Each structure stands twice: as structure tokens, then as C-alpha cells.
Amino acid sequence: MQRIGLFVEGKVTQNKLYLTLQKQGYKVHHFSVTKNDDWQAEIWTMDAIVHELDPENLSAARVLSKSCKAYATPFIIISEVYNLEICNLIYQENPALFLVRPFNAINLTLPLKLISRNTFNKLEVEGNYGVKEINSAKIKLIRTNRNYLEVNTTGGLYKVRSTMKGIVNKLPENFVRINRFCIVNLEYIEEKCKSQILIDDRIIPVSRKYQKLLKFG
């Protein structure tokens, strides 16, 4: 079940969104930026974040926007009006989808599609607290480590018991194998040359047979 984090203070908007999202089959979690919720430890596990914009407190929107960008999580903003200056300010931190009130279930179609696209590919992994599903968009790279594969994500390290061939077939096309021991998400490559790439502050060699996958001729 897809998980939505709601940072919405207004009760009317909150209840309307909650009921609409529940009817669509989403699991909704309420958070508050102003209260002492441990939301930063949970935000990366959400499939999307919905935030009610307060023009008098843009710092909250910017903090959420940066966190969503770091964790590859769709960020949906609800606002009374479409203020271009404010939108551009937040857009600089992280491209966001703006939803202007009043809205109805039809207006929520695009945001829901965005959420669904973001959760289309999931991978079951093992962590310190058991087995869980993570969004493939949050995976940076996967490496072999003895009897299991090490999954490096925006939220930490996990492991999965599979073969390299088996796991690459479960992932979207933006994941490519670059040598016998490593699969990378092209979205996170910082720099590349013909024989190596820089990803997550690591230099990883690229085998000759896999160079074509990185468009090296």
C-alpha cells in the first residue's frame, strides 16, 4: 500500500484529502513541521508528501522540499493562490506540483498519478528492523557483498538475497550494470568517463562490455 505523508494544518483540507486518499487506497500519515514530530526519520519512507503552504512561513516548505529532493519523494503543495514568486522560490529547491484550492477529486488525478508512477517499482530489502519495501527511485547503487547484495539508498544501507542478473531484471531501465559487481541508478551518477564513474562520492570502474550502456559508443 502506498504511503502519503500529510503536512496539512487546516482541518477542512486535511479531512478532505484524508478521505479522498483513503478511498483511492492510500495509507495516510499525519505530520507537523511545527510540532516536535520525528518526521525527518519517516519522510524518506513515504511515497509522496503533501504540504499546505503558509505564505507567512516559507521556511517549512523549503525544508520539506529539500528533504523530498534528497529522498526522491514527490512533493505536492496546496495553496490558496498560485503565487509565481513563491512557487519559483520553492521550485529552486525542488520541482514541486502545486495544487490550488478549492479542489476536488478530479483535481487530485494528476498528483495521484505522480504518486503511482513513483511507487511503480519497489524492491523488498532487509534492514536492521526486518524486511521492508523501498522505492527503486531511492536506490543509488547495488553491489555484491559475499552472500548477498548491498543496496545503497538515500535512506541508508540494506541487503537483499538475489543474484545480480535476477535483481537487474526487477528494476527500471535507468538501472544498468557497469561491472560484475555493481549496478547503478543513472539518475545518481555525478560524473563519468569511459572507464569509471563517480556516484555517491565513490569512484567505480566500468567494464568494457558495459560501457555501451552508459552511452560510450
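Miscellaneous remarks
- Rounded to the nearest 500, the helix-only mean residue ellipticity at 222 nm of the chain stands at -7000 deg cm²/dmol, with each DSSP H run of n ≥ 4 adding -39,500 (n - 2.57).
- For the listed peptides 17-25, 40-48, a ranking on the average number of other beta carbons within 10 Å per residue, highest first, reads 40-48, 17-25.
- Relative contact order of the stretch 3-118, taken over Cα pairs closer than 8 Å and 6 or more residues apart, is 23 percent.
- Taking a straight Cα-Cα cut-off under 17 Å and skipping sequence neighbours fewer than 8 places away in the same chain, the lysines within cross-link reach of Lys138 are Lys66, Lys69, Lys122, Lys159, Lys170.
- Average Cα contact separation per residue, the chain, under 8 Å, 6 or more apart, as relative contact order %: 12
- Leu58 versus Val100: modelled label distance in nm, points set 7 Å from Cα along the beta carbon direction: 1.8
Bear in mind these aren't lab numbers, they're just calculated from the coordinates by the rules spelled out. If you're wondering where the values come from, they're calculated on a predicted model, not measured in any experiment. Please note: Cβ atoms are built from the backbone with ideal geometry, for glycine as well, and neighbour counts cover all protein chains shown.
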